[in-house]
Amino acid sequence: MKLSEIGEFGLINRFSPPFLHGLPAGVVGIGDDAAIIDRGGGEALLVTTDTLVEEIHFLRAKTSPRDLGEKSLAVNLSDIAAMGGTPTSALLALGLPRDTSVEWIDEFFAGLHDLAALERVALLGGDTTRSPGPILITMTVLGRASLSHIKRRSAAQAGDILCVTGDLGESAGGLRVMLDGLPLGDDERYLLEHHHRPRAHLAEGRLLGAQGGVRAMMDVSDGIDSDIRRIMEQSSCGARIELEQLPVSAVLRSACVRHGWDMMELVLTGGEDYCLLLSVDPSAMASVSRAFRQEFARELAAIGTITRARGRLELFRDGRPALVGKHGFDHFLGTSA
Ligand code: ADP
Ligand code: MG
């Protein structure tokens, strides 16, 4: 059997069971955005890692090394945000082909340093090896959180309201601008910026982590359509998404019209939005929304509900069932984008 037949999540589900048994007390392993290690005194250590591979996650010729250095850290910060935590330190493993220019590497580290300094994340170490082909970037980030503020993917309950903390599809729009080599107007630049320089929703994660009414939370890395399934799996539930409620910026809407893009495909399956997807106890929704609005001067977008129908994702448009093609990005499934 080939990996392409079971896909990334088929693989994780296949190898992970023996590693989930016998973990020390207070340790939560595979299955969430970050691992959790209880440090005592109500505090937890969070650990997460993510890899960027040239040609899969970025094209060297079309990506500035400075942006890439920043993005390598940002995608990991996003997983700490998803747990309601604060990042503290990082380790970086690099695989570099021999012909990589030293100036390219300098710029990569300058971008990484800018974001690390901004978020007060210390680069503590790492590893550097020669790669026979693509550039490989593996970043590991450590963080901390109060145990009582940590939000797990497994905590969603039927009846919860599903929400996202930001607009969807902009990074996917930026990717289309880049791959299609479109001329750059203000809108195209805006979308490209979102693709190359994603912002981890750390402040949002911390605020939502402190809200008792927030149950499950994760970050949107593969696309809502794929990521919601991780919450459904971990929480043994289903979900219903109201397509017309998905937050889409005016810039992306007009770019979709101008370039003939399928907006729903970008919004549902585009990925790399790096906002947070969360489920909220309906009785706490008003207070959670109010806290979010007061802090960030924008709305927490309600996009659907958690249902009892285990494993079933229902998409509705204006109250009626809707059909949408394609699934979110899976690294190995033969049918993936
Ligand atoms: P994320 O996108 O937040 O990084 P994923 O949904 O991709 O997380 O991964 C699901 C879970 O599987 C995570 O807990 C992750 O740590 C774990 N995982 C993924 N790949 C591996 C691997 N090669 N070895 C061990 N755990 C893995
Ligand atoms: Mg994640």
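The values are calculated or read from the model by the stated rules, or taken from the named source; none is laboratory data. Here the structure is a predicted model, which is why all the values come from computation and not from measurement. Glycine gets a Cβ as well: all are built from the backbone with ideal geometry, and neighbour counts include every protein chain shown. Each accessible area value is taken on the protein alone, full model and side chains, heavy atoms only, with ligands, DNA and RNA left out. Shrake-Rupley method; radii C 1.70, N 1.55, O 1.52, S 1.80 Å.
Okay, residues lined up against (1) over 24 Å from Ile30 (Cβ atoms); (2) hydrophobic (A, V, I, L, M, F, W, C):
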| position | (1), (2) |
| --- | --- |
| Glu107 | yes, no |
| Gly125 | no, no |
| Ser131 | yes, no |
| Ile135 | yes, yes |
| Val141 | no, yes |
| Val164 | yes, yes |
| Gly173 | yes, no |
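Please tell me if Glu70 is farther than 19 Å from Glu204 by Cα, touching a helix residue (DSSP H, G or I) at 6+ places or on another chain (Cβ under 7 Å) and at pLDDT 95 or above. Here the answer is yes, as Glu70 does meet what is asked. The residues of segment 223-274 that are within 16 Å of ligand 2 (Cβ to nearest atom), out of contact with any Gly (no Cβ under 8 Å at 6 or more places or on another chain) and aliphatic (A, V, I, L, M), listed by number, are Ile228, Ile231.
Of the residues making up segment 288-302, those that are open to solvent by less than 50 Å² (accessible area, probe 1.4 Å) and under 17 Å from Arg215 (Cα atoms) are Val288, Ser289, Ala291, Phe292, Leu300, Ala301, Ala302. Selection within segment 270-298: residues that are in contact (Cβ under 8 Å) with a residue 24 or more places away in the chain and assigned to a loop (DSSP other than H, G, I, E, B). The member of this set that is farthest from Asp180 (Cα to Cα) is Asp281. Of all residues in segment 248-269, those that are touching an Asp or Glu at 6+ places or on another chain (Cβ under 7 Å) and either open to solvent by 50 Å² or more (accessible area, probe 1.4 Å) or in a helix (DSSP H, G or I) (or both) total 6. None of Ala35, Ala25, Ala82, Ala44 is away from ligand 1 (no atom under 16 Å from the Cβ) and aliphatic (A, V, I, L, M) except Ala25. One residue alone among Asp187, Asp160, Asp219 is open to solvent by less than 10 Å² (accessible area, probe 1.4 Å), at pLDDT 95 or above and touching a Gly at 6+ places or on another chain (Cβ under 9 Å), and that residue is Asp219. Applying the criterion of at least 3 residues that are surrounded by 15 or more Cβ atoms within 10 Å (Cβ to Cβ) and within 14 Å of ligand 2 (Cβ to nearest atom) to the strands (runs of 3 or more DSSP E) found wholly in segment 1-107 leaves 43-53.
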